[in-house]
Amino acid sequence: GTTPPPECNEIIDINVGDTTNGDLAGQSNQTGSCGASNGAEAIYRVNVDRNTQVCASTAGSAIDTVLYIRRGHCSVGIEEVCQDDVAVGVTTSAVRFHARPNTDYFIVVDSNDAAGRFELSLQRGPCP
């Protein structure tokens with residue numbers, strides 16, 4: 001038989017220009033291609049009305065984040081981009097992706113074995 005796709009935790013809608021925060025706790029259901037990311041994750045969904053370059057960033061987070069973007073489905077969608085650490089010694093993450101209109105993009109804030117507070121911002125344009 002076929003294995004069902006991994007479960008997605010609650011999906012929260014977010015818009016470009018928003019900054020939000022939350023707590024990662026519980027079990028891990030998702031893993032990105034670029035990091036161990038075996039901690040809990042939070043999943044956000046964004047949908048734009050025109051072609052948009054988007055920067056997703058976890059700057060300001062208290063924990064070591066892994067950030068990845070999936071297109072079309074929260075767990076089995078194509079991974080657009082994945083990043084663990086912005087730079088050596090900086091454990092937050094920032095990724096840029098091109099969002100096409102009327103397409104769901106899932107922003108997964110994941111962690112390396114960490115539970116705790118994260119911040120997520122979504123801005124138009126390249127990452128600073």
So, first residue more than 23 Å from Pro4 (Cα to Cα) in segment 75-86, second residue buried (at least 17 other Cβ atoms within 10 Å of the Cβ) and basic (Lys, Arg), Cβ within less than 8 Å, six or more apart or across chains; the pairs are Val81/Arg96
Those residues of segment 1-22 which are within 14 Å of Ile43 (Cβ to Cβ), surrounded by 11 or more Cβ atoms within 10 Å (Cβ to Cβ) and either acidic (Asp, Glu) or more than 13 Å from the chain's Cα centre (by Cα) (or both) amount to Pro5, Pro6
The residue that is least open to solvent (accessible area, probe 1.4 Å), considering only those in segment 44-63 that are of a type in the set (S, T, N, Q) and assigned to a loop (DSSP other than H, G, I, E, B), is Thr58
Of the listed residues (Val76, Val90, Val66), the one being β-branched (Val, Ile, Thr), crowded, with 17+ Cβ neighbours inside 10 Å and on the phi < 0 side of the Ramachandran plot is Val66
Any residue at all in segment 24-42 that is open to solvent by 60 Å² or more (accessible area, probe 1.4 Å), of a type in the set (Val, Ile, Thr), at negative phi and part of a strand (DSSP E or B)? no
Asn51: passes all of (1) under 26 Å from Thr2 (Cβ atoms); (2) touching a His at 6+ places or on another chain (Cβ under 8 Å) but (1)
- [ ] Taking Ala115 as the residue in question, decide whether it is free of Cβ contacts under 8 Å to residues at least 24 places away in the same chain and open to solvent by 30 Å² or more (accessible area, probe 1.4 Å).
- [x] no
Within segment 98-111, residues under 12 Å from Thr58 (Cβ atoms) and touching an Asp or Glu at 6+ places or on another chain (Cβ under 7 Å) come out as Val108, Val109, Asp110, Ser111
### Query
In this structure, is Val109 without any contact (Cβ under 8 Å) to a residue 24 or more places away in the chain, open to solvent by less than 60 Å² (accessible area, probe 1.4 Å) and not in a loop (DSSP other than H, G, I, E, B)?
no
key: Cys82 being surrounded by 15 or more Cβ atoms within 10 Å (Cβ to Cβ), part of a loop (DSSP other than H, G, I, E, B) and either at positive phi or not small (Gly, Ala, Ser) (or both)   = no
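The values are calculated or read from the model by the stated rules, or taken from the named source; none is laboratory data. Since the model is a prediction, treat every value here as computed from it, not as a measurement. Here the Cβ is made from the backbone with ideal geometry for all residues, glycine too, and neighbour counts use every protein chain on show. Remember, those area values only see protein heavy atoms, side chains included, never the ligands or the DNA or RNA. Shrake-Rupley method; radii C 1.70, N 1.55, O 1.52, S 1.80 Å.
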